[in-house]
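Remarks on the structure that follows.
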Amino acid sequence: MDSMTTAHQVASFLLETQAVKLSPEQPFKWSSGWNSPIYCDNRVTLSFPYIRSYIKQQLAELVKTHYPEAEAIAGVATAGIAQGALVADLLEMPFLYVRPEPKKHGMGNQIEGRLLEGQKVVMIEDLISTGGSSLKAAEAVKAAGGEVLGMAAIFTYGFATADENFQKAGLPLYCLSNYNALVEAAAAQGYIPESAMGTLAEWRQSPHTWGV
């Protein structure tokens, strides 16, 4: 299955599971501080076995295709933990996950699992917006002695900010689906009313200033 077909199939699954929420009148507030008329919660797909399996298989294919030297899989907490564990299990690779910051009790770990010095790691993420938290997790793995090959994610909004951040970090990013595929699928299926298309286009052009 080619990447374009996969992008639209994943987008259709996100709509089918109602992982996508639209609220132009009462925008969602992201962790980055941006306002958004749309919210995508890919964790919902975990409750649907056949969709969960498809996403797992496609993420595993990304890893095998783009990171053939991978030796371990790391999930980015929290949404990337389950996805990463599924992929690691399918590929029969070691798994670990990375917290946003070290625990404030116990061992004080930021990375859970066994990371070997120099181990080649692929990060698994649920969704990419600005890429800030994802790259912070990758830096934690590097600081602990791992070699991060890159990242694979289910969905990206495709913001220029994210592209720039990943380029600066020198890390490749591959995603199963994207914002354009999602909007196309939503429009085709009548999921998003025609009246909302203008709002989504306006937000997409300048997400950091929209609704401010």
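The values are calculated or read from the model by the stated rules, or taken from the named source; none is laboratory data. Given the structure is predicted, the values throughout are model-derived calculations rather than measurements. All Cβ positions, glycine included, derive from the backbone under ideal geometry; neighbour counts span all protein chains shown. Surface accessibility is based on the protein's heavy atoms, side chains included, excluding ligands, DNA and RNA. Shrake-Rupley method; radii C 1.70, N 1.55, O 1.52, S 1.80 Å.
Odds and ends about this structure:
- Selection from the range 159-173 of residues that are surrounded by fewer than 18 Cβ atoms within 10 Å (Cβ to Cβ) and either closer than 15 Å to R204 by Cα or without any contact (Cβ under 8 Å) to a residue 60 or more places away in the chain (or both): A160, T161, D163, E164, Q167, K168, G170
- Residue match in the range 72-86 (condition: over 15 Å from the mean Cα position of the chain (by Cα) and part of a helix (DSSP H, G or I)): no
- Test for E184: is it under 26 Å from A60 (Cα atoms) and under 19 Å from the mean Cα position of the chain (by Cα): no
- Screening A152, A185, A140 for residues that are in contact with a helix residue (DSSP H, G or I) (Cβ under 9 Å, 6 or more places away or on another chain), in a helix (DSSP H, G or I) and open to solvent by less than 20 Å² (accessible area, probe 1.4 Å) leaves exactly one candidate, A185.
- Listed by first and then second residue, the pairs linking a residue in the range 190-205 that is surrounded by fewer than 13 Cβ atoms within 10 Å (Cβ to Cβ) to a residue that is among the hydroxyl-bearing types (S, T, Y) and assigned to a helix (DSSP H, G or I), with Cβ atoms under 6 Å apart and 6 or more places separating them unless they lie on different chains, form an empty list.
- The range 104-132 - residue that is over 26 Å from L46 (Cα atoms) and among the basic types (K, R) and, of those, modelled with the highest pLDDT: K120
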